[in-house]
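Computed from the coordinates by the stated procedures, all read-outs in this text should not be read as laboratory data. Remember, it's a predicted structure, so these values are computed and weren't measured experimentally. For neighbour counting, all protein chains shown are included, and Cβ atoms are generated from backbone atoms with ideal geometry for every residue, glycine included.
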Amino acid sequence: MAKHKKVREPQSLEEALVIIHKQEAIIAKQAAKFEELETKVLELSETIKLFGVRTYGKKVKF
């Protein structure tokens with residue numbers, strides 16, 4: 001689990017907006033990584049199903 005560092009309170013509206021934009025960028029990167037991993041999971045799931053059909057002659061249930 002990632003450690004959360006303590007963040008001081010922003011002293012101005014501009015500083016708060018900078019922090020918000022940085023957090024939005026981090027969230028966007030995490031969302032993109034999640035979508036990438038989700039695609040890989042679906043591909044692996046399909047591969048396992050095909051392997052089951054070839055090996056056992058029927059679909060494999062999870």
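Quick one: how many lysine pairs in region 18-62 have C-alpha atoms under 17 angstrom apart, if they're 8 or more apart or on different chains?
6
Among P10, A28, L50, flag the residue with its Cα farthest along the positive direction of the charge dipole of the chain, charges on Cβ as +1 for Lys/Arg and -1 for Asp/Glu.
L50
Treat each spin label as a single point 7 Å out from the Cα along the C-beta direction, and report the I48 to K33 distance in nm.
2.3 nm
Give, rounded to the nearest 20 debye, the magnitude of the charge dipole that the chain has about its Cα centre when Lys and Arg contribute +1 at Cβ and Asp and Glu contribute -1 at Cβ.
The dipole of the chain has a size of about 580 debye.
How far is it, in nm, from the label point at S12 to the one at V41 when both lie 7 Å from their Cα along the line to the Cβ?
4.4 nm
Considering only E14, E24, E43, give the residue with the highest GNM mean-square fluctuation for the chain, with springs between Cα atoms whenever their separation is below 10 Å.
Comparing E14, E24, E43 in the GNM, the peak value goes to E14.
Along region 22-27, what does the Karplus equation 6.51 cos²θ - 1.76 cosθ + 1.60 (θ = phi - 60°) give for ³J(HN,Hα), rounded to whole Hz, x for Gly and Pro?
3J(HN,Hα) across region 22-27, in whole Hz: 5, 5, 4, 5, 4, 5.
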